[in-house]
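Structure first, commentary second.
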Amino acid sequence: MRIKETGKGTSPVTVEQMEANLRLPSGFDTALITRLIASATDYVEKITNVAVRTRTVSAAYGGGQSIYDLKYLANAVTSVKVDGELYVVDEGYKVYNTAQPCYVKFTNRIDQESIVEIEYTVTATTNNEAINEVIIAYATAMYNQPEGLGELDMRRINNRLTSLAQ
């Protein structure tokens, strides 16, 4: 599977929130804080498969099956192609976007040699304080320990993320 994500929105955590959490003066090393927030947001999305930034996802899969899981909860499936040919919803496939993970189910099994391309939009999860707290905690830990997070820190963050993903 090959995934391309475009138009990633911004993290729900702001530089101001991070500065306040770290007790830094406003404008202190904004570039570093911005990178830490982006890195923490990427990590949270990777572990939980919950999108906290709006984006468009294009995924390419090998054929041979009738069900294809999507990486995130899909807001809308924009297009589905098999070997470059556009499929029509409800005729060739159906989208199950309330399941977790979301998936596309084809009426018939796709040929083994085929390439399935699915493009979909993802709306960011908003107002999720638990996710925002984990992003802040992870970014803070990276700021305070630039040499790398210890096993205990990673276990604590991953346990929290696992509980969020359920």
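The values are calculated or read from the model by the stated rules, or taken from the named source; none is laboratory data. Since we're looking at a predicted model, the values are computed, not measured. Methodologically, a virtual Cβ is constructed for each residue, glycine included, from the backbone with ideal geometry; neighbour enumeration extends over all protein chains shown. Remember, those area values only see protein heavy atoms, side chains included, never the ligands or the DNA or RNA. Shrake-Rupley method; radii C 1.70, N 1.55, O 1.52, S 1.80 Å.
Just one of the numbered conditions (1) touching a Gly at 6+ places or on another chain (Cβ under 8 Å); (2) over 30 Å from residue 30 (Cα atoms) is not true of residue 102; which one?
(1)
Of the residues 68, 72, which single one is under 13 Å from the mean Cα position of the chain (by Cα), modelled with pLDDT under 95 and aromatic (Phe, Trp, Tyr)? Break it down into steps so the answer makes sense when it comes.
Values: 68 fails: under 13 Å from the mean Cα position of the chain (by Cα).
Only one candidate qualifies: 72.
Going by the conditions given, is residue 80 closer than 15 Å to residue 61 by Cα and in contact with a Leu (Cβ under 9 Å, 6 or more places away or on another chain)?
yes
Could you please let me know if residue 26 is among the small types (Gly, Ala, Ser), surrounded by fewer than 18 Cβ atoms within 10 Å (Cβ to Cβ) and not in a loop (DSSP other than H, G, I, E, B)?
In short, no.
Can you run down the residue pairs with Cβ atoms below 9 Å, 6 or more apart or on separate chains, where the first is in the range 111-132 and free of Cβ contacts under 8 Å to residues at least 40 places away in the same chain and over 30 Å from residue 163 (Cα atoms) and the partner is open to solvent by less than 80 Å² (accessible area, probe 1.4 Å) and assigned to a helix (DSSP H, G or I)?
none
Hand me the list of strands (runs of 3 or more DSSP E) wholly inside the range 64-166 holding 2 or more residues that are more than 30 Å from residue 20 (Cβ to Cβ) and open to solvent by less than 50 Å² (accessible area, probe 1.4 Å).
In the range 64-166, 76-82, 93-96, 103-106, 115-122 are the strands (runs of 3 or more DSSP E) which contain 2 or more residues that are more than 30 Å from residue 20 (Cβ to Cβ) and open to solvent by less than 50 Å² (accessible area, probe 1.4 Å).
Got at least one residue in the range 116-127 being on the phi > 0 side of the Ramachandran plot, modelled with pLDDT of 90 or more and not hydrophobic (A, V, I, L, M, F, W, C)? Write out each step before concluding.
At the first step, the residues of the range 116-127 found to be on the phi > 0 side of the Ramachandran plot are 127.
Narrowing further to those that are modelled with pLDDT of 90 or more: none.
No; the residues of the range 116-127 include none that is on the phi > 0 side of the Ramachandran plot, modelled with pLDDT of 90 or more and not hydrophobic (A, V, I, L, M, F, W, C).
Quick check on the range 1-21: of everything there that is buried (at least 16 other Cβ atoms within 10 Å of the Cβ) and part of a loop (DSSP other than H, G, I, E, B), which residue is modelled with the lowest pLDDT?
Among them, the one singled out is 8.
Show the residue pairs meeting these rules: Cβ distance below 6 Å; 6+ apart or different chains; first residue within the range 30-41 and over 15 Å from residue 53 (Cα atoms); second residue at pLDDT below 95 and open to solvent by 50 Å² or more (accessible area, probe 1.4 Å).
Filtered contacts from the range 30-41: 36/143.
Out of the residues in the range 35-62 meeting the condition of being of a type outside the set (A, V, I, L, M, F, W, C) and farther than 24 Å from residue 155 by Cα, tell me which one is most open to solvent (accessible area, probe 1.4 Å).
The selected residue is 54.
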